[in-house]
1. List pairs: first residue in region 58-80 and not assigned by TED's automatic domain parsing to the domain that holds residue 132, second residue among the hydroxyl-bearing types (Ser, Thr, Tyr) and in a loop (DSSP other than H, G, I, E, B) anywhere in the structure, Cβ distance under 9 angstrom, at least six positions apart or on different chains.
2. Within region 117-134, take every residue that is within 15 Å of the chain's Cα centre (by Cα) and not in a helix (DSSP H, G or I) and give me the one that is surrounded by the fewest Cβ atoms within 10 Å (Cβ to Cβ).
3. The conditions are (1) free of Cβ contacts under 8 Å to residues at least 60 places away in the same chain; (2) over 25 Å from residue 69 (Cβ atoms); (3) of a type outside the set (Gly, Ala, Ser), and residue 151 fails exactly one of them. Which is it?
4. When residue 53 is evaluated against the numbered criteria (1) modelled with pLDDT under 95; (2) under 22 Å from the mean Cα position of the chain (by Cα), which criterion, by number, is the only one it fails?
5. Mind listing just one residue for me: the one in region 61-75 that is hydrophobic (A, V, I, L, M, F, W, C) and assigned to a helix (DSSP H, G or I) and, of those, nearest to residue 97 (Cα to Cα)?
6. Need pairs with beta-carbon distance below 8 Å; first residue aliphatic (A, V, I, L, M) and within region 166-187, second part of a helix (DSSP H, G or I) and exposed (fewer than 13 other Cβ atoms within 10 Å of the Cβ); sequence gap 6+ or separate chains.
7. Do you know which residues across region 21-30 are exposed (fewer than 14 other Cβ atoms within 10 Å of the Cβ) and either touching a helix residue (DSSP H, G or I) at 6+ places or on another chain (Cβ under 7 Å) or in contact (Cβ under 8 Å) with a residue 12 or more places away in the chain (or both)?
8. All but one of (1) more than 18 Å from residue 57 (Cα to Cα); (2) of a type outside the set (Val, Ile, Thr); (3) assigned to a strand (DSSP E or B) hold for residue 78; which doesn't?
Amino acid sequence: MYEGAVQDLIDELGRLPGIGPKSAQRVAFHILEADTEDMRRLAESIVTVKEKVKFCQICFNVSEQETCRICQDERRDRSIICVVEESKDVMAVERTRSFRGLYHVLGGSINPIAGVGPEQLHIRELLSRLSDDTIEEVIVATDPNLEGEATATYLLRMLGSIGIKLTRLASGLPVGGDLEYADDVTLGRAFEGRRTLS
């Protein structure tokens, strides 16, 4: 245990996701040894992001305006909504340059162990958006893990009766992967999601 400000910094850094006690200590000592001006810019960036960035009133993606740039873009296909867990998932899909529709960010996934149920997510707001007759398809793009699958199942049950086409992202083998190293679930999904070549 260190004393005073150093221990306080380590404790605060340790609260960040993916930062354990050793990493928190390493980052704290990096901050101590780094140039003061660099760390001042870092601190100012953190304060600025907390003051300026909010969530889009329509899709709940991060934005500095009331409505994010994707929702404002009139060139987007407004008949398709891709439902993702977090804003970082929007950026992952955007990097592919293969989706030109709109998004809906749930703000997490169903995780009863962590006390996150459907009521903590932006599902009610999604249902409200789907009352618009222009929506023809909802793509459920939650993570292929236990929580993501639970969320996808919940959404599919909830939305199954509203008459909109529901799809789920395919999952399977990564490009460049070897069959022998694939886990059973991934390989099974690859077989289920196979497509016709001829």
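1. As it stands, the answer is 58/67; 59/67, since those pairs meet every condition given.
2. Of everything passing the filter in region 117-134, 122 is surrounded by the fewest Cβ atoms within 10 Å (Cβ to Cβ).
3. (1)
4. Unmet for residue 53, out of (1) modelled with pLDDT under 95; (2) under 22 Å from the mean Cα position of the chain (by Cα): (1).
5. Of all residues in region 61-75, those hydrophobic (A, V, I, L, M, F, W, C) come to 62, 68, 70-71.
Keeping just the survivors that are assigned to a helix (DSSP H, G or I) gives 70-71.
On the way: 70: 13, 71: 16 Å.
It comes out as 70.
6. Here the result reads 173/179; 187/179, each pair linking region 166-187 to a residue that is part of a helix (DSSP H, G or I) and exposed (fewer than 13 other Cβ atoms within 10 Å of the Cβ).
7. Hit for region 21-30 is 21, nothing else.
8. (1)
The values are calculated or read from the model by the stated rules, or taken from the named source; none is laboratory data. If you're wondering where the values come from, they're calculated on a predicted model, not measured in any experiment. Here Cβ is always computed from backbone atoms with ideal geometry, including for glycine, and neighbour counts include all displayed protein chains.
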